[in-house]
1. Where residues in region 521-554 are among the aliphatic types (A, V, I, L, M) and within 19 Å of the chain's Cα centre (by Cα), which of them is farthest from Ala218 (Cα to Cα)?
2. Restricting to region 134-192, name every residue that is among the small types (Gly, Ala, Ser) and within 23 Å of the chain's Cα centre (by Cα).
3. Being within 24 Å of Leu595 (Cα to Cα), of a type in the set (A, V, I, L, M), modelled with pLDDT under 90 and crowded, with 18+ Cβ neighbours inside 10 Å is the requirement here; does Val546 meet it?
4. Does region 161-177 include one or more residues that are of a type in the set (Val, Ile, Thr) and either assigned to a strand (DSSP E or B) or modelled with pLDDT of 90 or more (or both)?
5. Output yes when any residue across region 80-88 is surrounded by fewer than 19 Cβ atoms within 10 Å (Cβ to Cβ) and either at negative phi or free of Cβ contacts under 8 Å to residues at least 40 places away in the same chain (or both), and no when none is.
6. Could you tell me whether region 180-194 includes any residue that is without any contact (Cβ under 8 Å) to a residue 24 or more places away in the chain, of a type outside the set (Lys, Arg), touching a helix residue (DSSP H, G or I) at 6+ places or on another chain (Cβ under 7 Å) and part of a helix (DSSP H, G or I)?
7. Would you say Gly112 is out of contact with any Gly (no Cβ under 7 Å at 6 or more places or on another chain) and buried (at least 22 other Cβ atoms within 10 Å of the Cβ)?
Amino acid sequence: MTTRLERKPSIVFLALWFGLLTGFGEVALLGLRRFVLHRFIFLGQDAAWTVPVADTLCFLVVGLLLALLCRMWPTRFGPAVAAGVLAGLSVFSLLLMYGPLHRAALVLIAVGVGYQTSRLLRPRLEGFLGLARRSFPLLIGFVVLAGGTVRGLKWWTEHRAANARPAPVAGAPNILLIVLDTVRSLNLSLYGYERATTPELDRWAPDAVRFARALSTAPWTLPSHSTMFTGRFPHELSAGWRTPLDSHYPTLAEILEQHGYRTAGFVANAQYCSYETGLARGFSYYEDYPVNPGRILFSSTLGKLVGLSPFFRYRAVRKRAAEVNREFLSWLDRDREPRPFFAFLNYYDAHGPYQPPPPFDQKFGDASRRKELEQLREDAPARRWSPEVIKAAKDAYDGSIAYMDSELGQLFRELDRRGLTQNTLIVVTSDHGEEFGEHGVFWHGNSLYRPSVEVPLVMRLPGAPPVVRVVDHPVSLRDLAATVMEIALPGASYPFPGTSLSRFWSPAPPGSAVVVGVDTLLQEVNYDPGLPSETPVSKGPMRAVVLQGGRMIRRGDGYVELFDFDHDSAETRNLATVPEASAQLDRLRAALKALVPIREAADSARRP
């Protein structure tokens, strides 16, 4: 005879209870990792409530299945067995957060826990179910409280910042910093690329200043953005693969807030541009992780497991450029305070896996095998990509750039419609580039060759266009913070090192003269165990320096490459062993040593 406890609602209720309990267990472990171990969790602040919700949904599906089995075979699948299965699933979910454990070991541990839980609960089932029923409202209340607290803190932060701002400087322009994540200048028609990837920028740029040879300071997101915001080189900052940007140096947003600007950030790279990286410091309003069904589901470990394919997960949770625009324009229309704004927009569509939306997915190349090639890209290590896969990847990459360019055109037209263009400094750049096997290297963050660090940089100044429209002089994004301050608040003091790029369109712009120190450009990248072992950075920290027409790359093992920066943009010929280049190599070594105090023993051992 079926008892009341063996009815379907009891098993479903147990699934909901275990799901909530598991979710809060995950939240506790995430908090330990974030605030005690100081590790990135790559989840938004809403994780405090989205993780329990996601786990509850996953457990609900399992509970419905268990209830069906109980109905079909009531003598074998009762509430005690269901509780054991759910307890095992809970342990499995929590252990998934500990990466070193093999999946087979997780399954064995979960099965053991589930079996013992079922055995222990069988004679105590009535009391256990009563405990679950009494605690269930508390768990629901915690979810509601967590959601309300997160949203309330965001509102309070923005409200408090608005009340604390001083009066702005009269006539100060708006500032719009747009970062096209992972976009190398090599693939922009604005920079001479044969494909029409940036028709909107092509039309917009004639009234702006375009820097023909701009270099980021790092080949990946966090240190590059940190440099743009602080004017500091990566080796001066705490920002790393596993550590955020700390508060040692002030950011551009903080200084502009102190001068009366309202500040906001809208980022699509929700990993290395999120609030936990430190880049949100100084912004009174910051949108990183969107709250949508995909993000909620994949916030939990079980949710990530459901989306087995990383490609599928990216498609479900990626924030498109159009959404970044909507967030920014919505904030702009909502916050009509009569004071200038500093807004930071990060577009992520060109980051792998490259997934341009229709019709841009078919803009370049043959899309008939795109699905097959996408799966191949996902499964095969980049070093084994076939020429066909590389072509498909570049086609999709170019399509992604074209999509972002179209959204930039929409954004510029909206700014025109609101009458904001004439009094807004608009900066369009990228944090780093991308490699497609040009030096046997793919993706980014693992070398310092020019495809990884040469980026677009275009500035449209408030007021009349400058006389100088194209700057061929090599420049660094390190000077961006000083440049913004010099243009927006001339005469104001600021703590950013570097030299304003406004020197190139000043009444007496510099000619071809190179100033050692000012024009010494540095790029850096550190090794992380998570990076592929066969890449250049696997030998240790890498540094590159540009000065007086030469570019030197120094690997962690001391191996040196020297390239003609002005005439060998593809970096095809290593001049480090050419006797005639020894004087230039010595100058670059000295310049690197002056910028980065490093031990040169290994370098000297390999000196040609």
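1. Among residues in region 521-554 that are among the aliphatic types (A, V, I, L, M) and within 19 Å of the chain's Cα centre (by Cα), the one farthest from Ala218 (Cα to Cα) is Leu531.
2. Ser185
3. So Val546 fails the test.
4. Yes, some residue in region 161-177 is of a type in the set (Val, Ile, Thr) and either assigned to a strand (DSSP E or B) or modelled with pLDDT of 90 or more (or both).
5. Within region 80-88, the first condition is being surrounded by fewer than 19 Cβ atoms within 10 Å (Cβ to Cβ), and the residues that meet it are none.
The answer is no; no qualifying residue exists.
6. The answer is yes; a qualifying residue exists.
7. Numbers: out of contact with any Gly (no Cβ under 7 Å at 6 or more places or on another chain): yes; buried (at least 22 other Cβ atoms within 10 Å of the Cβ): no.
No: the conditions fail for Gly112.
The rows are residues; the columns are (1) in a strand (DSSP E or B); (2) surrounded by fewer than 19 Cβ atoms within 10 Å (Cβ to Cβ); (3) modelled with pLDDT of 95 or more.
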position	(1), (2), (3)
Leu425	yes, no, yes
Val428	yes, no, yes
His432	no, no, yes
Asn446	no, no, no
Pro451	no, no, yes
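The values are calculated or read from the model by the stated rules, or taken from the named source; none is laboratory data. Quantities reported herein were computed from a predicted structural model and do not represent experimental measurements. Every residue, glycine among them, receives a Cβ derived from its backbone with ideal geometry; neighbour counts consider all protein chains shown. Surface accessibility is based on the protein's heavy atoms, side chains included, excluding ligands, DNA and RNA. Shrake-Rupley method; radii C 1.70, N 1.55, O 1.52, S 1.80 Å.
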